[in-house]
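What follows is a short report on a single structure.
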Amino acid sequence: MSLSSSMVISVSMQTSSAKNTNLNAAMATKNDEFYTQWADIEREMNAYLEYDPDVFRDKVILLPCDDPEWSNFAKFFALHFVDFGLKKLISTSYAPDSNPAAVNYQPTLFESESPSFDERKTHTNGKMFTLEPQDINEDGVVNIDDLQWEYLEGDGDFRSDEVTALRDEANIVITNPPFSLFRPFVNWLFDGNVKFSVIGNNHALTYVEIFPRIQTNRLWKGATANSTDMVFGVPKGAKVKDDDRKKAEKLGYPSDDQFDYTRQGNACWYTNIDHGRRHEPLQLMTMDENIKFSKHKEIRGVGYKRYYNFPEAIDVPFVDAIPSDNDGVMGVPSTFVDKYNPDQFEILASAEDMEAMKEIGVEMLGVEFVKTYKEQGGTGGVSPGHRKLGLTEPRYYWPFKRILIRRKSAS
Ligand SMILES: C[S@@+](CC[C@H](N)C(=O)[O-])C[C@H]1O[C@@H](n2cnc3c(N)ncnc32)[C@H](O)[C@@H]1O
């Protein structure tokens, strides 16, 4: 049986009690079971190809935390194996027995009808699928039907020696990793010194594994999905908010035999593969123009506030209101990172990193100040934490998520 004709997973054959168990398991897996849609993969990969048509040529691509029997990543790269000029495609899957969401797991016909099928290993071991430039089934094309597969020695955990060895063989690692392991996954990528493109969440931006690497241009946001929803397949019966299900449906993903669908507004790509988006300068008005013409009432005719305990910086509450001619430090919303062009700006610190704030000269505020600031009608970017009265330690609070930036030519 060819893989392309057998993309059915066992959940579609489950009874309702199995579905309930599945629901519980899916909830217990901290929402790790999100299956990426072809269109999202295609949009992001096309952005890399637009910037460098040879980005995948002669490259070994590893897709860990995956499984071509149901994942679109392997299907996408197998379809494009020849036109992208890939050297080798490797996809690894995670053992059902190690995955709490894989209750009532049953192997696909693709696996169970294969001579390599092993009744025990199908539960306990991960699998490795490889595609090389060989037309194994001699049908005149190299594609998903030429994939070879075998069981891994272990369960396919990305941290295992054998998957780490595959990372070391690879030039590029691409996947949607389990979000609960996003931090160790990103560290694992950097340990391997590979190019990568992975799906994460905007909330991860300020993680110590992410933000300093964005600051030093070793990692950046992907080119797509930064301000649009991404749709994901989820195991049948997994808990999906009604609103998200409806939005997914509107985007063209009604539930089907295999999956229910949800959408996420916060999902995004993190990568170190270059794309044109990050080289486009933000088109900005000068400070005077902003004050005269800004579409934001907070700026138009008002101007920019300065931080009480860091007066050299201005607070810019909207990315499109960053003044093009301001040479000082500016506090901007974290969505700035989606538009960040490293030739235009440098990122100095995240306002959530108190040590970094201190280092660039933000003063900590005393308890007395904290207590009286609000009563005196205090405003300004650095709020003294009026909602946290009763503090015993001097500290400051930032009113919104801000990151501090400066114009490149100004440094
Ligand atoms: C978010 S899903 C994405 C699946 C697929 N890559 C996709 O995008 O459609 C993450 C997958 O990682 C697998 N997984 C969970 N923990 C893992 C681990 N420690 N090592 C490798 N894979 C793991 C699970 O099987 C899960 O299906």
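Some observations on this one:
- The residues 112, 160, 409, when put in order of fewest to most other Cβ atoms within 10 Å, stand as 409, 112, 160.
- In summary, the aspartates and glutamates within cross-link reach of residue 239, defined as a Cα separation below 20 angstrom excluding same-chain residues under 8 places away, comprise 32, 33, 229, 249, 256, 257, 260.
- Of 339/408; 221/295; 127/236; 221/408; 87/195; 295/339, those spanning more than 21 Å from alpha-carbon to alpha-carbon: 221/295; 127/236
- The range 107-163: C-alpha gyration tensor shape, a/c 1.5 cut-off, then a/b vs b/c: oblate
- When 270, 105 are arranged by Cβ crowding within 10 Å, least crowded first, meaning fewest neighbours, the order is 105, 270.
No lab work stands behind these numbers, since they all come straight from the coordinates. These numbers come from a predicted model, not from an experiment. A quick note on method: Cβ atoms are made from the backbone with ideal geometry, for glycine too, and the neighbour counts reach across all protein chains shown.
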